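Here is the structure we will look at.
What follows draws every value from the coordinates through simple rules; no lab data is involved. Values in this document were obtained by computation on a predicted structure and should not be read as measured data. As a convention, Cβ positions derive from the backbone with ideal geometry for all residues, glycine included, and neighbour counts pool all protein chains shown.
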Amino acid sequence: MQRASWVAHSRIASLVLGISLGLAAAASGPSLARLWTGLAADGGRSAGVHAIRIDITHPSWVATWAAAPQAGVGQAAAGGFDDQTVRDVIYTSAGGTAVRVRISNLYGTLPLHIGAASVGTVLEGARLLPSGPRRLAFGAREKTSVIIPAGKSVTSDPVSYDVPPLTELAVSLYLPAPTSPMTGHSLAQQATYVADGDHADTSRAAPYDITERSWYFLTEVDVRSMTADGTVVAFGDSITDGAGSQAGADDRWPNYLARRLEAAYGDRAPGVVDEGISGNQVLRASACGGGRSALTRFSRDALGVAGVRAVILLEGINDVNLATRRPGRCVIPASRDVTVGDIENGYRRLIAMGRSRGVAVYLGTLTPAAGALTPAGVAMRAAVNRWIAASSTARVCDGVVNFASAVADPGDPAYLDPADNSGDGLHPDDLGYNVMAGAIPLAWIGPGT
């Protein structure tokens, strides 16, 4: 499903501080392109006081889309691909005039051979605009193929390409040789198309007669922009990943947030990327496909994103659930030893990681889940939320988004509002994700903050 935004807006002109500062900002990226004055003691965020920032207008890279890498994903994971083209369809946030993509072989055990790669704008399904995709290159010699060692990733060379905001793009990867255990992202909530042979350069849908529901090898798409103000990372578990939303609708709460920002700020809006993993935990690696813990992957999946300047962290419900369940296949002894204090300390460590890199971290209260948790889990979630709610006043984090209140049942706030419930008592539906995005103060993350 394609969307386009035609919101009228005006640009605020940047103030030039001098040739030397301008050159330094252009060379060093967004971190030196900002001048902050009048800072409150806590950075002005938790108290609602915002610093004045003066931007030097210069092009910089921001992430328009991302997906956290996982091991062994999708229906094709067991057999892999061989002499086939995978067309990953993604939904942009910020727009730009050039594009580059990151391809990962993080969980592969053999080198990954990319025979050809391209980017194009989706017309419908696997079909691209008639203008056709643009071929991507890698390295100083502009090779159109690349071999990625096991455990590594590669970023393509920039290619001039007009990327609109809030639009579906397709990144096509031709895989000429058998792939080893594959890196990707399980819950795409979006069709991925597969064709036999090399069809990276075709706009036609006809060769793509296999449909998957995971993304393969693609973990980030960046755009070069003169105006977009950095990147906001949505970091969490299945609720950030979009579980329960309509497949193909691009209705995860980070998508709704991107649309709100674009409507409010136009091309100055930051990119918004979704680094959620279903089943992910703050403290422990998942025993059932939820990936590495938030503490382990935060530096890569949040702080390693192009242009990152703020993270919205919504995670912990899986730690709570597994700590209060009977032992089983996914409930290992280590997960049952987790306490409220352990989760709080996990949050503190994540916030410290962000602040050490100059990145603001906003905590989200855990959404209602009484329909999915045990009574002990309901009590534990409430205790975690009390700490999160107090953390902004205590200046532990940069602010708190009250996601829980936004989607709570007015009659019993331990449960999801029936209007926002996807049906399992844990995951919101599309309407609920829209409500969640609406609970985020744009003043915290909009341009100039």
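Name the shape class, rounded, prolate or oblate, that the alpha-carbon gyration tensor gives for the chain, where a ≥ b ≥ c are the square roots of its eigenvalues, rounded holds for a/c under 1.5, and otherwise prolate holds if a/b is larger than b/c and oblate otherwise. It comes out oblate by the Cα gyration axes. Modelled spin-label separation between R135 and D83, with each label point placed 7 Å from Cα along the Cα-to-Cβ direction: 2.1 nm. Multiplying the residue separation of A285 and D342 by 0.36 nm and removing their Cα-Cα distance gives an extension gain of 19.1 nm. Backbone N atoms of the range 79-121 closer than 16 Å to the 7 Å Cα→Cβ label point of R300 belong to residues 102-112. Summary of the geometry: the range 346-372 and the range 161-231, compared by the centres of their Cα atoms, lie 29 Å apart.
Cα extents for the range 322-449 along the principal axes, largest to smallest and rounded to whole angstrom: 46, 35, 24.
Considering only the Cα atoms of the range 62-220, their convex hull presents on average a projected area of 8.0 nm². The ranking of M436, M380, M226 from fewest to most other beta carbons within 10 Å of each one's beta carbon is M226, M380, M436. Highest mobility in the GNM of the chain, judged by mean-square fluctuation with C-alpha springs under 10 Å and restricted to L313, L218, L128, is found for L128.
Distance between the 7 Å Cα→Cβ label points at D162 and T211: 3.1 nm.
Once the chain from A191 to R395 is taken as fully extended at 0.36 nm per residue, the excess over their C-alpha distance is 69.3 nm. The GNM of the chain, with springs linking C-alpha atoms under 10 angstrom apart, assigns the highest mean-square fluctuation among A439, A383, A170 to A383. Scanning the chain for trypsin sites (Lys or Arg not before Pro) lying in DSSP loops with no more than 16 further Cβ atoms inside 10 Å, the longest uninterrupted stretch between such sites is 12-140. Among beta bridges from DSSP that stay inside the chain, the antiparallel ones total about 75%. The residues Y107, Y433, when put in order of fewest to most other Cβ atoms within 10 Å, stand as Y107, Y433. Using a basic spin-label model with each label point 7 Å from the Cα along Cα→Cβ, how many nm lie between S405 and A264? Label-label distance for S405 and A264, simple model: 1.7 nm.
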